[in-house]
Every structure is written in C-alpha cells, then in structure tokens.
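> Have a look at the structure that comes next, please.
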Amino acid sequence: MINSDLERSIRHAEEVVWLNPKRQPMVPGGCTSSLGMGDILDAEARLERFAPLLMHLFPETRPQGGIIESPLLQIPHMQATLAAHFGCAFPGQLLLKQDSHLAVAGSVKARGGIYEVLKHTEELALSCGLLAEGENYRRLAEPSCRAVFSRHTIQVGSTGNLGMSIGIMSAALGYQAVVHMSADARQWKKDLLRSHGVTVVEYASDYSQAVKQGRLASDQDPNSYFVDDENSKNLFLGYAVAALRLKRQLLAQNIAVDAQHPLFVYIPCGVGGAPGGITFGLKQLFGDHVHCFFVEPTQAPCMLVGMASGLHNGVSVQDYDLTGLTHADGLAVGRSSGFVGRVMEPLLSGIFTLQDSRLYDYMRALLTTQDIFIEPSAAAAFHGPITLLSTSAGQEYLRQNNLTSKLPQSTHIAWATGGSLVPEEIRTEYQKTYL
Ligand SMILES: *Cc1c(COP(=O)(O)O)cnc(C)c1O
C-alpha cells in the first residue's frame, strides 16, 4: 500500500520522489527473473543477423553496418545551466543518450519495436522455408519473400512512437501494418505512418483502449500478429540490448563504472517496456554500480502507482483521480505493464514525477545550450538528476547508498527517448509552448 503522504501528493498531481523499498543488492551472476543475460545476448545476435537486410532497406543505417544505435554525448553546457538554474552543485559528468536520433524510427522504440518485428519475421521465414539456417538475411527483401509477408499483418496499439517503429519496419518488409492509435497520438505521426502505407485506426479513447481494440482485431485474423506492448518479452529484450551497446560506448570514452565511479541513469517511463528493458540490461552488466530512475508526468504516473502500491497493472492513474492526460504524449499511459513492474521490483532505484510545464523548459534548455532538439516526453529525463541532486529525498538516497563522496567521479545519463522525426513546424510550436 502507498503511504498516505505519498498518496495525497500523487492525487494532488504534485511532483514526488519515490525510492523503491524493494530494491535488492545484486548478487553477481544472480538471476532476479526468468530472463537473463543469455536472452539479451540472443537478442543482440539476432539484430546482427538482420544487419545486412537493414542496410538494404534503410540506407541510412549503412555507416553503422546495419546496426541501429545512437550516440552517447557529453553535454557540459546543459549541465552547467541546470546547476545554475536550480542552484545546486552538479558534480560528475552529464551525458545524453541520443535515442532521439536512432535511425528509422527516431525514438527509443527503434530498439524494442523493430526488434520484435524482426524476431517475428525470422520465425515466419524459417517456418515457411524462406531462410535456411545460416543464410544471409538480405534475401528477405526479395520479391518471393515479400509476397509471403504481404499475406501477413502486424498490428499494434500505440500513443505514437511505438506505432511508428512497428509500422515503418513492418511496411518496409512488405507486411500489412495496422496501428491502433490512442487519442493522445499526434496528427503528424498518423500522417507519417499513412505515407508509409500503414493503416492507422484512430480511437477517441486512451492507450489501454487502443491496445484492447487492436488485440481484438488481430485475434480475429489467423495471419495477424499483435505486438503486445504491455506484456511482450521480445520488446523488452530488444530494449535491453541497449545496455550492451552502452557499455562499449562508455569503455570507448574511458568512462569507468565501478564502486568508486557510480553510474546514474534517468529514463522517461510510459507503460514501462523501454525504461524497464534498458534498466534490466544495465543491472545485469553493472549490478549495484548503476542506479536507475524513471521519470513520469504527474498526471500519468502509472509505474509509480503500480510499483508503490504493489498492485502493478491492477491499478490505474484514474484510480488516484488523475486524468492520465499529459503533453508528454510518449508517456501518456494510465496503467503500467505488470510484467515490467514485477521485474523492476528488485532493480529500480526510484521514480520521480514532473509537471508538464517543465518538459518544455528542459527541452528549450537543451536546444539553447547544446543545439540539440528532443521531444517534450524525452526532456523529462533531465528531471532525474535535478531531483536526485536538489531534493532532500534525493540526498537521502545518496547518503543511504554511500554515494555522496563519490559524486565527483559519477556519470549521469539522461536518456533522450525521442525527437528526430518531429517535423519542423511542430518543433517551432513546442518551442513557443509555456504552460
Ligand atoms: C515510448 C516512449 C517512452 C517510454 O517507453 P515505455 O515503454 O512506454 O515506458 C519514453 N519516451 C518516448 C519519447 C517514448 O516514445
């Protein structure tokens, strides 16, 4: 049960800091769920098998050999500006993980969504005899294979970005693609999908309804595959691969992560798959040396109410008299994934919430200081370090975990979850938005 002070603040849509009381020390090599390192490595190997096909379908992936990965960038000017604005010391270094600039889908969904479509494609291709074991996957772009895919449908429910990643990849492979969009989804995302030949079904209701209707439609068609954002282990593992890639990037930049050099990672959270998968991977690799925090809007803190109550997908933000409505369209989710919430119980450090007005402030600050555009949902990540460093609850976390003296050697990663596909006129609109 949620303690009464926290519950009151949640109900009043106040910004809160929740530290996870169920977090456990990581036992080296230990397993905290049915999934493990082997599953993440398996997912990474699958993405490598598909790399030749991706290079063919999406020429922009050629410089990276068909591997869709984003830069990890130091952002010292943003760090200094945040410290000055909030009047707090910001020791260590702040980095931006630019999933906003991932190829093909322009958001973190390029990890999970694309992985799931590829995994399904591999299974279908092997079962239909389109691929022999060990054959070059580039073959799947041939007309005979596309003809098979065109008789199959892939469907998904989405607030926008997941639909874009699944829709664009499915259509590129030749599938019929259907995206069930909630009312939160932006018009330009629907337009972009339609321009790729994707069928967009619009709902006046929220994300959970779009998922429900999408699943119903898919279940009626034996040749249709439904991507289940709330329960999919495939999506989750696709996201988790990010950790292996990040580890290599940190190594290449000579950034240590160990007992003396803690790593803090802040990720915006919607239903939980993306931040959950990334956290799961990072905890497997760095154990107790990495501290992962999710950030959610005050009107849609679905993972917070799920984890803090222990009820997971058994509660919604509406049960706390919240609207679920937020300018952070990628985070506009009223009910979290129960699967992810349970996996996160021993791993996650905490969850912070923020008011919508701050999304635009952080977004503008990054644009002004570093000339980098990210979408408002992604800008929520910056509320992570600010909350940890400037609130008493954040300080308490640092003290309890013996981290205060290590802050000068610490690394903070704000996970920028989306933005590069946002059209110019919408960027301008965002920049002029003050709430
Ligand atoms: C989807 C999304 C998230 C959160 O991912 P979930 O899997 O829904 O928790 C965060 N930011 C952006 C921009 C997104 O599109």
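> Quick one: how many residues across the stretch 216-232 are surrounded by fewer than 19 Cβ atoms within 10 Å (Cβ to Cβ) and part of a helix (DSSP H, G or I)? Full working, then the answer.
Step one: of the stretch 216-232, the residues surrounded by fewer than 19 Cβ atoms within 10 Å (Cβ to Cβ) are 216-217, 219-224, 231.
From what's left, part of a helix (DSSP H, G or I): 216-217, 219.
Summing the residues that are surrounded by fewer than 19 Cβ atoms within 10 Å (Cβ to Cβ) and part of a helix (DSSP H, G or I) in the stretch 216-232 gives 3.
> Are any of the residues in the stretch 374-386 within 16 Å of the ligand (Cβ to nearest atom), surrounded by 18 or more Cβ atoms within 10 Å (Cβ to Cβ) and more than 21 Å from Gln98 (Cβ to Cβ)?
We begin by selecting, within the stretch 374-386, every residue within 16 Å of the ligand (Cβ to nearest atom); these are 374-384.
Remaining after also requiring surrounded by 18 or more Cβ atoms within 10 Å (Cβ to Cβ): 374-384.
Add one more test, that the residue is more than 21 Å from Gln98 (Cβ to Cβ), and what stays is none.
No, every residue in the stretch 374-386 fails to be within 16 Å of the ligand (Cβ to nearest atom), surrounded by 18 or more Cβ atoms within 10 Å (Cβ to Cβ) and more than 21 Å from Gln98 (Cβ to Cβ).
> Restricting to the stretch 130-149, name every residue that is surrounded by fewer than 13 Cβ atoms within 10 Å (Cβ to Cβ), of a type outside the set (A, V, I, L, M, F, W, C) and at pLDDT 95 or above.
Asn136, Glu142, Pro143, Ser144
> Restricting to the stretch 244-288, name every residue that is assigned to a loop (DSSP other than H, G, I, E, B), hydrophobic (A, V, I, L, M, F, W, C) and either at positive phi or surrounded by 24 or more Cβ atoms within 10 Å (Cβ to Cβ) (or both). Break it down into steps so the answer makes sense when it comes.
Step one: filter the stretch 244-288 for residues assigned to a loop (DSSP other than H, G, I, E, B), giving 253-257, 259-260, 262, 269-272.
This time we only want the ones that are hydrophobic (A, V, I, L, M, F, W, C), so: 255-257, 259, 269, 271.
Of everything in the stretch 244-288, those that are assigned to a loop (DSSP other than H, G, I, E, B), hydrophobic (A, V, I, L, M, F, W, C) and either at positive phi or surrounded by 24 or more Cβ atoms within 10 Å (Cβ to Cβ) (or both) turn out to be Cys269, Val271.
> Okay, moving on. May I ask you to verify whether Leu359 is in contact with a helix residue (DSSP H, G or I) (Cβ under 7 Å, 6 or more places away or on another chain) and over 22 Å from Thr411 (Cα atoms)?
Working: in contact with a helix residue (DSSP H, G or I) (Cβ under 7 Å, 6 or more places away or on another chain): yes; over 22 Å from Thr411 (Cα atoms): yes.
Yes: the conditions hold for Leu359.
> Identify the residue in the stretch 289-305 that is in a helix (DSSP H, G or I) and either more than 12 Å from the ligand (Cβ to nearest atom) or in contact (Cβ under 8 Å) with a residue 60 or more places away in the chain (or both) and, among all such residues, is nearest to the chain's Cα centre (by Cα). Please lay out each step first, then the result.
Let us first name the residues in the stretch 289-305 that are in a helix (DSSP H, G or I), namely 289, 302-305.
Now restrict to residues that are either more than 12 Å from the ligand (Cβ to nearest atom) or in contact (Cβ under 8 Å) with a residue 60 or more places away in the chain (or both): 289, 304-305.
Values: His289: 21, Leu304: 16, Val305: 19 Å.
In this case the residue turns out to be Leu304.
> Which pairs turn up if I take residues in the stretch 417-431 that are under 27 Å from Ala242 (Cα atoms) and look for partners that are hydroxyl-bearing (Ser, Thr, Tyr) and within 14 Å of the ligand (Cβ to nearest atom) with beta carbon separation below 7 Å, at least 6 apart in sequence or on another chain?
The qualifying pairs are Thr417/Ser100; Thr417/Ser107; Thr417/Ser377; Gly418/Ser100; Gly418/Ser107; Gly418/Ser377; Gly419/Ser100; Ser420/Ser100.
> Collect the residues in the stretch 378-393 that are of a type in the set (Val, Ile, Thr) and part of a helix (DSSP H, G or I), keeping them in residue-number order. Don't jump to the end; show me each part of the working.
Of the stretch 378-393, the ones of a type in the set (Val, Ile, Thr) are 386-387, 391.
Listed by number, the residues that qualify are Ile386, Thr387.
> From the list Leu331, Leu285, which one is more than 20 Å from Ala185 (Cα to Cα) and among the aliphatic types (A, V, I, L, M)?
Leu285
> Could you please find all residues in the stretch 1-25 being among the β-branched types (Val, Ile, Thr) and modelled with pLDDT of 95 or more?
In the first step, residues of the stretch 1-25 are kept if they are among the β-branched types (Val, Ile, Thr); the result is 2, 10, 16-17.
Once the filter is applied, which keeps residues that are among the β-branched types (Val, Ile, Thr) and modelled with pLDDT of 95 or more, the stretch 1-25 yields Ile10, Val16, Val17.
> If you don't mind, another one. Please note which strands (runs of 3 or more DSSP E) are completely contained in the stretch 110-213 and include at least 3 residues that are of a type in the set (S, T, N, Q). Explain how you work it out, then say what you get.
Values: elements: 153-158, 176-181, 199-202.
Correct list: 153-158.
> Here are the criteria: (1) out of contact with any strand residue (DSSP E or B) (no Cβ under 9 Å at 6 or more places or on another chain); (2) buried (at least 21 other Cβ atoms within 10 Å of the Cβ); (3) aliphatic (A, V, I, L, M). Tell me which single one Leu311 does not satisfy.
With (1) out of contact with any strand residue (DSSP E or B) (no Cβ under 9 Å at 6 or more places or on another chain); (2) buried (at least 21 other Cβ atoms within 10 Å of the Cβ); (3) aliphatic (A, V, I, L, M) applied to Leu311, the lone miss is (2).
> Still on this structure, please answer the following. I'd like the full set of residues that are in contact with a Gly (Cβ under 7 Å, 6 or more places away or on another chain) and in a loop (DSSP other than H, G, I, E, B), limited to the stretch 313-357.
Those that are in contact with a Gly (Cβ under 7 Å, 6 or more places away or on another chain) and in a loop (DSSP other than H, G, I, E, B): Val315, Ser316, Gly324, Ala332, Val333, Gly334, Ser336, Ser337.
> Being closer than 30 Å to Glu116 by Cβ and surrounded by 14 or more Cβ atoms within 10 Å (Cβ to Cβ) is the filter here, so list the residues in the stretch 8-32 that pass it.
Matches in the stretch 8-32: Trp18, Asn20, Arg23, Met26, Thr32.
> Given Gln260, Gln284, Gln253, which one is in contact (Cβ under 8 Å) with a residue 12 or more places away in the chain and either closer than 20 Å to Ala393 by Cβ or touching a strand residue (DSSP E or B) at 6+ places or on another chain (Cβ under 8 Å) (or both)? If you could, list the steps in order and put the result at the bottom.
On the way: Gln260 fails: either closer than 20 Å to Ala393 by Cβ or touching a strand residue (DSSP E or B) at 6+ places or on another chain (Cβ under 8 Å) (or both); Gln284 fails: either closer than 20 Å to Ala393 by Cβ or touching a strand residue (DSSP E or B) at 6+ places or on another chain (Cβ under 8 Å) (or both).
Only one candidate passes the filter, namely Gln253.
The values are calculated or read from the model by the stated rules, or taken from the named source; none is laboratory data. Nothing here was measured: the structure is a model prediction, and the numbers come from that model. Ideal geometry is used to build each Cβ from the backbone, glycine not excepted, and the neighbour counts take in all protein chains shown.
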